[in-house]
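Remarks on the structure that follows.
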Amino acid sequence: MKSTLLAAASASVLLALTGCATPYPVPEVSVAPGADTRPLPVVAPVANNGSIYQVAQYRPLFEDHRARLVGDVVNVQIVEKVTASQKSTSSINKSGSVEAGVTALPLLKATSLTRASASGSSANDFQGKGSTENTNDFSGTITAVVTEVLPNGHLVIAGEKQIGVNQNVDVLRFSGQVDPRSIQSGNSVASAQIANVRVEHRGRGAQADAQGIGWIGRFFLNVLPF
């Protein structure tokens, strides 16, 4: 009977620990509120389509091929470099002193007041320094697909690239909003000319698991120091 109760208690503890062993929370890449502002819709004119000619798919014969329709691809040159630094220094110094003495009192001799004096001093000194620095450098190339054409002609693009090597998978995702006039010859555009850019580069597999913090470590990091 005791062995059965002990086994049941051990199983309960293991289940509780397993329930607490949640995966490492991965931060999400999101857009700031109000950043993804869409233009007002415009009533499209009636298309005069024929049996062969289609307005939505028409491309001039001598047109430089650039993305402008849903499903077109565009080469994105990811060049993101952000450097930020901040330094602050403060200093406070305050000092004061007080001295008092008694030289004469009625009915008392002057020799009895030789030690009747008082003095005091105070000082307050404070110095503080702080600095922060952040450098972010990201470069690469990805081919994105036009997923939507906005009423003002801007293109909403999104692309994903996955590379698997052994037990690890490297995932690169990109999305944003681009003006077709920013697309250069060769159907390429720099990420610095794309609005509402979201770049996500993550890994899945043993290497990503090794970089995560276990649930016990996260517990003590949240609780300590008090």
How many residues does segment 64-99 contain that are open to solvent by 60 Å² or more (accessible area, probe 1.4 Å) and part of a strand (DSSP E or B)?
-> 19
Which of the residues that make up segment 133-159 are in contact with a helix residue (DSSP H, G or I) (Cβ under 7 Å, 6 or more places away or on another chain) and either modelled with pLDDT under 90 or hydroxyl-bearing (Ser, Thr, Tyr) (or both)?
-> 153
If you check every pair at least six apart or on different chains, which have Cβ atoms under 9 Å apart with a residue in segment 78-94 that is without any contact (Cβ under 8 Å) to a residue 60 or more places away in the chain first and a residue that is surrounded by 10 or more Cβ atoms within 10 Å (Cβ to Cβ) and assigned to a strand (DSSP E or B) second?
-> 81/138; 81/139; 82/138
Taking only pairs six or more apart or across chains, which ones have beta-carbon atoms under 9 Å, a first residue in segment 157-186 that is in contact (Cβ under 8 Å) with a residue 24 or more places away in the chain, and a second residue that is aromatic (Phe, Trp, Tyr)?
-> 157/174; 159/174
Look at segment 197-216 and say how many of its residues are assigned to a strand (DSSP E or B) and either at pLDDT 75 or above or open to solvent by 90 Å² or more (accessible area, probe 1.4 Å) (or both).
-> 8
Select from segment 178-196 the residues that are of a type in the set (A, V, I, L, M, F, W, C) and more than 17 Å from the chain's Cα centre (by Cα) and write down the one among them that is most open to solvent (accessible area, probe 1.4 Å).
-> 192
Matching residues, segment 141-174, being out of contact with any Phe, Trp or Tyr (no Cβ under 9 Å at 6 or more places or on another chain), open to solvent by less than 50 Å² (accessible area, probe 1.4 Å) and part of a strand (DSSP E or B) | 146, 155, 156, 168, 169, 171, 172, 174
Within the set of pairs 6 or more residues apart or between chains, which connect a residue that is of a type in the set (Asp, Glu) inside segment 128-155 to a residue that is open to solvent by 70 Å² or more (accessible area, probe 1.4 Å) with Cβ atoms less than 6 Å apart?
-> 133/85; 137/81
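The values are calculated or read from the model by the stated rules, or taken from the named source; none is laboratory data. Everything numeric here is computed off the predicted structure, so don't read it as measured data. Note that we place each Cβ from the backbone using ideal geometry, even for glycine, and neighbour counts take in every protein chain shown. All accessible areas refer to the heavy atoms of the entire protein, side chains included, with ligands and DNA or RNA removed. Shrake-Rupley method; radii C 1.70, N 1.55, O 1.52, S 1.80 Å.
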